[in-house]
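Down below is the structure, laid out as structure tokens.
Quick note: the coordinates plus some simple rules give every number you see, no bench work behind them. Given the structure is predicted, the values throughout are model-derived calculations rather than measurements. In this analysis, Cβ positions are derived from the backbone assuming ideal geometry, glycine residues included, and neighbour counts consider all displayed protein chains.
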Amino acid sequence: MKNQSKLDVPREHWDRLDGPQPLPEWFGRFRLRVGVGNDAKCTSQDKRGLNMRLTLAVVTLLASLFCNGFVGTYAIAQTTVRIATPGPSPSYLPIEVARKNGFFRKRGINVEYIQMVPAISVPALLNGEIDYSTVPAPAAVAAARGLPVRVISFTSVKLQHTLVSRPEIRSPLDLAGKKIGIARAGDLTAFEAQFIIGKYRLGQDTTLVSIPDSSQRLEAVKLGLVDAAIQNPVHAVRAEEMMGLRRILEVGDILEIPQVGLVTSLEKINNNRGSVLQVVEAMIEGLIYTRSQSHREEVINIIAKWVSLDEVKATKVYESVKNTFSRYGVPSQKQESAYLSMLKATAGLPENASPGVIFEFSLAEEAAKKLGVK
């Protein structure tokens with residue numbers, strides 16, 4: 001490989017090149033002439049000026065190629081990874097933070113979000129239409145019933161819902177005998193509301209009202225059709241700022257249950273473990289960055305652009321969810337057990353379901369060790 005330029009040889013072979021590196025062939029195609037016609041004469045001063053302009057032109061060209069990703073793409077080929085999500089949500093914010101900060105890209109991964117209802121994520125995984133899903137519940141139930149899918153990590157290990165009330169209600173204790181709006185009977189919001197009723201001893205006269213649409217649920221609170229409602233943090237902050245409602249409880253403060261993470265197929269884990277490990281590593285870097293107070297402003301800015309909020313609202317969302325994220329994608333034993341109990345109550349998880357056929361956290365453990373996360 002002697003006498004070849006580094007610009008003509010793949011990066012992995014650079015260490016095999018000997019001696020000074022000549023310019024590549026295309027460099028010689030750049031010609032600048034002084035005067036008119038082929039017989040023009042050049043003085044030494046002219047030649048020095050030409051050399052300077054030639055050097056500047058080539059440097060400018062290379063800088064342009066680098067800024068437009070040509071050099072980076074040449075060095076690290078990008079593989080597209082399709083991640084299914086219901087839509088932008090702070091629950092998997094660390095994945096978006098990792099994407100925006102290039103933690104996937106530096107590993108040769110281009111993340112493509114596929115908006116998809118959670119109910120069809122498992123068939124999509126098994127058919128190879130997507131590589132990962134951020135909603136573990138359907139996959140956890142499917143895995144317990146024998147399908148080859150696994151939950152490999154959790155980004156959030158505390159629930160990210162908020163109890164929003166009418167302005168005159170200042171505490172969950174004030175909801176005794178009142179009406180609480182939920183999405184539907186038997187789902188996660190109903191589970192949370194029932195837990196709140198029990199924890200604060202609100203009594204049997206406190207009732208749940210099913211209102212599937214989030215916006216209509218907030219409107220019902222505003223109109224007094226219900227006294228409070230369970231909402232995601234983005235809707236809750238908007239309701240407080242724009243409708244005059246009150247956020248009276250962060251559900252994650254009383255329910256330490258994982259909510260969102262990464263799910264993939266057993267085939268991908270077995271046949272492409274290295275690539276799955278790189279995805280998990282990037283996610284963990286995103287978790288570290290998201291949890292770090294030194295990156296607070298950058299994360300708030302990502303939230304603002306991602307879910308279309310101004311800085312004030314994005315800051316409130318950040319404060320609402322900042323303590324819900326996992327350290328490195330693996331829940332505690334208590335959190336894991338609470339998650340399974342929640343699925344038994346809301347998603348039909350069999351009572352005898354074994355964690356060993358649902359979870360595969362060895363990848364996150366391995367990635368965390370490689371990154372030095374304790």
* **Using a Förster distance of 30 Å, the FRET efficiency for residue 199-residue 332 (Cβ separation, nearest 0.05)** => 0.90
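Place a +1 charge on the Cβ of each Lys and Arg in the stretch 256-312 and a -1 charge on the Cβ of each Asp and Glu, then give the dipole magnitude about the Cα centre in debye, rounded to the nearest 20.
Details: 5 positive and 8 negative charges, 47 e Å.
In debye, rounded to 20, the stretch 256-312 gives about 220.
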* Structure fact -> Once amide hydrogens are built 1.01 Å from N within the peptide plane, the residues lying 5 or more places from residue 113 or on another chain with amide H under 5 Å from its amide H are 83
* **For the stretch 140-236: relative contact order, % (alpha-carbon pairs under 8 angstrom, 6 or more apart)** => 37
* **Estimated inter-spin distance, residue 216 and residue 117, nm [label 7 Å along Cα→Cβ]** => 1.5
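Roughly how big is the stretch 162-251's charge dipole about its Cα centre, with Cβ charges of +1 (Lys, Arg) and -1 (Asp, Glu), in debye to the nearest 20? Present the calculation step by step, with values, prior to reporting the outcome.
Numbers: 12 positive and 11 negative charges, 25 e Å.
In debye, rounded to 20, the stretch 162-251 gives about 120.
Suppose the chain between residue 253 and residue 178 were pulled fully straight at 0.36 nm per residue; how much longer would it get relative to their current alpha carbon spacing? Write out the running numbers ahead of the final one.
Working: separation 75, 0.36 × 75 = 27.00 nm, distance 2.18 nm.
Separation in residues times 0.36 nm, less the Cα-Cα distance, equals 24.8 nm.
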* Any of 316/370; 106/158; 179/199; 344/370; 106/268 with alpha carbons more than 24 Å apart? Name them for me. => 316/370; 106/158; 344/370
* **Long-range HN-HN contacts of residue 209 with modeled amide H, under 5 Å** => 180, 181, 182
* Between residue 243 and residue 270, what is the label-to-label distance in nm when each label sits 7 Å out along the Cα-to-Cβ direction? -> 4.8
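If we sort 134-142, 284-292 on the protection proxy, mean other Cβ atoms within 10 Å, highest first, what's the order?
134-142, 284-292
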* Please give the contour-minus-distance gain from residue 168 to residue 354: 0.36 nm per residue of separation, less the Cα-Cα distance, rounded to one decimal in nm. => 62.4 nm
* Added length on full extension, which subtracts the Cα-Cα distance from 0.36 nm per residue, residue 312 to residue 294 -> 4.6 nm
* Asked: Simple spin-label model, 7 Å along Cα-to-Cβ: residue 374 to residue 79 in nm?
  -> 3.3
